[in-house]
Each structure stands twice: as C-alpha cells, then as structure tokens.
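> After the structure tokens below, expect a handful of questions from me.
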Amino acid sequence: MSQVYKGVQFIPGQDDFIPDSHVYVIGDPASGDISLVDAGLTGKGAYKAASITKLGIGPEDVKRVIMTHTHLDHIGCLAELQKTFPGAELWVHELEADLLEKGDDRAVYGMDMFKGMCQMQFSLAPDAFRFKVDRKLEGGETLEIGNMVWEVIHIPGHSMGGIALYEPVGKVLIPGDVVYADYAIGRFDLFGANPAQLKDSLDRLSKLDVDILLPGHNQIVKGVPAGYIRKTTKMWEPYLV
Ligand SMILES: [Zn+2]
Ligand SMILES: [Zn+2]
C-alpha cells in the first residue's frame, strides 16, 4: 500500500497461479467519499480490505467500487469486499453491467475452458457473478468524487466494456488491462475482445497527457515518458487488425 499521488493509493495485486489485479483507492481521505477501482481475484479480498482499513478509511467511507472491466482477476473478490464495505455501490460500463445483471458470466471468465477450471479451483457457484449494478457508465462522464475530478473513457478491445479513469490535474491514468508498463498491452483473444477496437482505444489514450500510469497489473509508472502510449500502440499496430 502506498500513495502514488494526492488522493490515490495503490494496493498491489498478489498474483497466484492466476493474476490478481491491483486496487487503486481514490479520493481525498478527509472527504469520506472514497472509491475503489477494481477488486481483484477470488480469495484476494481480505488483505485488500485490511489495507484499506489501515489507512483509516471506515466501512462507511467507501462509497463505490468502479470496475475498469469485469474479468475474473478484477471482479473475483468483489463479493468479499462488499462484505466489508456493504454501502459501496457498483459502477460498471453498461456493456458489461448488462451481462452481470443477467448472470451472464462470459465476460468474467473470457473463455469456456477457463470457466470450468476456475469454478473447480475456487468452488464457485454457477451464479457467482450475478451482481446488481448501481450506475452504468457509458464513457464521457466527468465524475466529481472524493474532492477530485475523474474522466471516464470507454476503451473497448481488451473487453467490450473496458473503461479508463483519467485525472487531468495530476495527469493520472488508470487504464485497466488496456496498456501496461514495458510497452505491453492487454490480450485481445477473450470473449468480447476486438483487436481493431483495441487499436482505436489505444489511439484515444495516446492523445492524453499522462504522467502517472496505473495499470491493472505489474509495474506502475511515475514520470511516464512523453509519447509512451503512442509508441506502444505503434509497436503493436501490425497485430491489431
Ligand atoms: Zn482483463
Ligand atoms: Zn487483469
């Protein structure tokens, strides 16, 4: 757990045989209006809840969980966090929110083979990923939360309802699994993925002025070199058709 920017705390994922996504805790701690960005893999909720509590954030301060997308490594422990933070709303892009509400878990598992394996490994019930979504995002929203302003950008391609959150003052970008450090991008072979859309999404992110890159996995980067996302996109362009 560390502060990466005023009002942005970083809880690193604890990867297992499947990756566990990072969680970002956003909002001025004094505001009593805290948001969690993503949850993590099934079974990885307890240490995250403990980290958040250690910051002095009470259960009633966590007002919402915003999902960058609903893959298992991001939404797997959502129900665990909801037990600790029962008042937290769930905000998801509408394209994946509609699936969650129907209990359609194709976007969670990404592929059938993986679904069977995970259900067995984690003893998951068939309807483990049916959730009520409190706010369906479309992209283009400006969220005034926790004494900060975050822009929502729809960036499909890795998943159909992927979003990025962007804070223009600190030039902070939370892109989920669309772009990582080390010139890596998210995979584009799972359910709902689309390489051409991923290219368009990367182009959209390339236009942002980014100083702090906070991806869903692996390294976070402070002092992102100018043109980093553009350069990454160029490298991957031949595959994104
Ligand atoms: Zn993902
Ligand atoms: Zn992920």
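> Work out the FRET efficiency for LYS234 and SER123 from their Cβ-Cβ distance, taking R0 = 30 Å, and round it to the nearest 0.05. Could you put the intermediate results ahead of the total?
Numbers: r = 44 Å, r/R0 = 1.47.
Rounded to the nearest 0.05, the efficiency is 0.10.
> Determine, at each q value in 0.10 (inverse angstroms), the log₁₀ of I(q)/I(0) that the Debye formula gives when each Cα of the range 2-239 is one equal point scatterer.
-0.41
> While we're looking at this one, here's another question. Just to be sure I understand: of the beta bridges DSSP finds with both ends in the chain, what percent are antiparallel, rounded to 5?
65
> Taking the highest mean first, how do the peptides 124-131, 30-37, 78-85, 154-161 order by number of other beta carbon atoms within 10 angstrom per residue?
The most tightly packed comes first, giving 154-161, 30-37, 78-85, 124-131.
> Give the distance, in whole Å, between the Cα centre of the range 1-58 and the Cα centre of the range 215-241.
Centre-to-centre (Cα) distance: 23 Å.
> Sticking with this structure for a sec: Sort 113-122, 89-98 by the packing proxy (mean of other Cβ within 10 Å over each peptide's residues), most packed first.
The most tightly packed comes first, giving 89-98, 113-122.
> As a footprinting exposure proxy, order THR68, THR232, THR42, THR53 by other Cβ within 10 Å, with the fewest listed first.
Working: THR68 28, THR232 20, THR42 23, THR53 14.
Lowest to highest Cβ neighbour count: THR53, THR232, THR42, THR68.
> Using a Förster radius of 22 Å, what is the FRET efficiency between PHE10 and ALA46 based on their Cβ-Cβ separation? Nearest 0.05, please.
0.75
> In a shell of Cβ-Cβ distance under 14 Å around SER31, excluding SER31 itself, what net charge do Lys and Arg (+1) and Asp and Glu (-1) give?
-2
> Just order 133-139, 213-219 by mean Cβ neighbour count inside 10 Å, highest at the front, would you? Don't jump to the answer; show the numbers that get you there.
Values: 133-139: 16.6, 213-219: 21.0.
Result, highest mean first: 213-219, 133-139.
Here, each number is a calculation from the coordinates, and none is a lab measurement. The structure displayed is predicted, hence computed values, not measured ones. Heads up, the Cβs are rebuilt from the backbone with ideal geometry, glycines too, and the neighbour counts pull from every protein chain shown.
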